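Structure first, commentary second.
The values are calculated or read from the model by the stated rules, or taken from the named source; none is laboratory data. Here the structure is a predicted model, which is why all the values come from computation and not from measurement. Every residue, glycine among them, receives a Cβ derived from its backbone with ideal geometry; neighbour counts consider all protein chains shown. The protein model used for the area step is the full one, side chains on, heavy atoms only, and it has no ligands, DNA or RNA in it. Shrake-Rupley method; radii C 1.70, N 1.55, O 1.52, S 1.80 Å.
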Amino acid sequence: MEIIREIPAMKAWVRAVRKRGETICLVPTMGYLHEGHLGLMRMGGPLADHLVISIFVNPTQFGAGEDLATYPRDLPRDTELAGSVGVECIFYPGAGAMYPPGYCTYVEVEDITEGLCGASRPGHFRGVATVVAKLFNIVEPDVAIFGEKDYQQLAVLRKMVEDLNMNVQVLAHPTVREEDGLAMSSRNKYLSAEQRKNALVLSRALLQARRRVERGERSAEALKAEAVRMIEQTPESTVDYVEIVDPVLLRPVERIEGRAVMALAVRVGATRLIDNMTLETS
Ligand code: AMP
């Protein structure tokens, strides 16, 4: 396993691979790896000659008062886990190398960043799009894999790649869950045992909506109201947002016809968790 910290060294590694006509798959992460991340890596392995991950807790996607300083980090453990699923190289840059003094270029994806997490975390997707564009320029992947767990992020990055004509294929991996339904997340580490139980309300509310759609409910308003009720009845849990949107442009829908995505963000204690599921009429 190679751990490359410097941008010029990473570029040299990529140049050597490119010279041999070989391909690269990149899985960008913020580290503290779990089975969700590993699912993306297992998917990526067979898709290219080389599997590279990046681990970078990107300061520009955190707002004031968010958990940048406390975000969990564990490089030795991450290295072992990544190695176990065939990762060949970890790009592990420092914040000072990615954003040196005088840095002033950012990528703004408009419109689809306005709602959902974009509304409650201003500037978040500007940071995400910027860092992923930089990672794409440094690692030059043929394929990059992102998780559906962060559904809006995936949609924003697909749009960025399309709009800026980037030479990378973006692929999605389904959300990986704990056995009881909780979507895996590095932030689950912040939860106490009691909060961990309360956090199940996210997946339960989504599953309940899915069942109601199967039984004929079509009103987004009714589905959202029930999810909000479930969350509000759960101790220590407050709604950040509950939305039902179209799967591509993420515009709110009033009725479920065909496919829609229900997305929600909930604060459990001090921890903000997100989850989403597809709702589909047959
Ligand atoms: P993060 O380290 O949280 O920035 O996540 C890195 C990548 O892993 C992103 O593309 C996430 O969407 C993806 N990811 C994180 N958690 C999960 C999960 N539970 N299931 C699927 N993908 C995930």
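Below, the figures for the structure above:
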quantity: Using θ = phi - 60° and Karplus 6.51 cos²θ - 1.76 cosθ + 1.60, couplings along the range 7-23 (whole Hz; Gly, Pro as x); calculated: 5, x, 5, 5, 5, 5, 4, 5, 4, 4, 5, 4, 4, 7, x, 9, 10
quantity: Separation of alpha-carbon centers, the range 206-262 and the range 103-167, rounded to whole Å; calculated: 25
quantity: Accessible area per residue in Å² at 1.4 Å probe, computed on the chain; calculated: 47
quantity: Relative contact order of the chain, pairs being alpha-carbon contacts under 8 Å that are 6 or more residues apart, as %; calculated: 17
quantity: Under 23 Å from residue 19, Cα to Cα: lysines that are on another chain or at least 8 residues apart; calculated: 11, 134
quantity: Loop-resident sites, the range 214-282, for GluC sites (Glu not before Pro), counting at most 11 other Cβ within 10 Å (DSSP); calculated: 254, 257
quantity: Dipole magnitude of the range 28-183 about its Cα centre (Cβ charges: Lys, Arg +1; Asp, Glu -1), debye to nearest 20; calculated: 240
quantity: Percent accessible area from carbon and sulfur atoms, the range 1-97, protein chains only, probe 1.4 Å; calculated: 55
quantity: Antiparallel %, DSSP beta bridges [both residues in the chain], to 5; calculated: 50
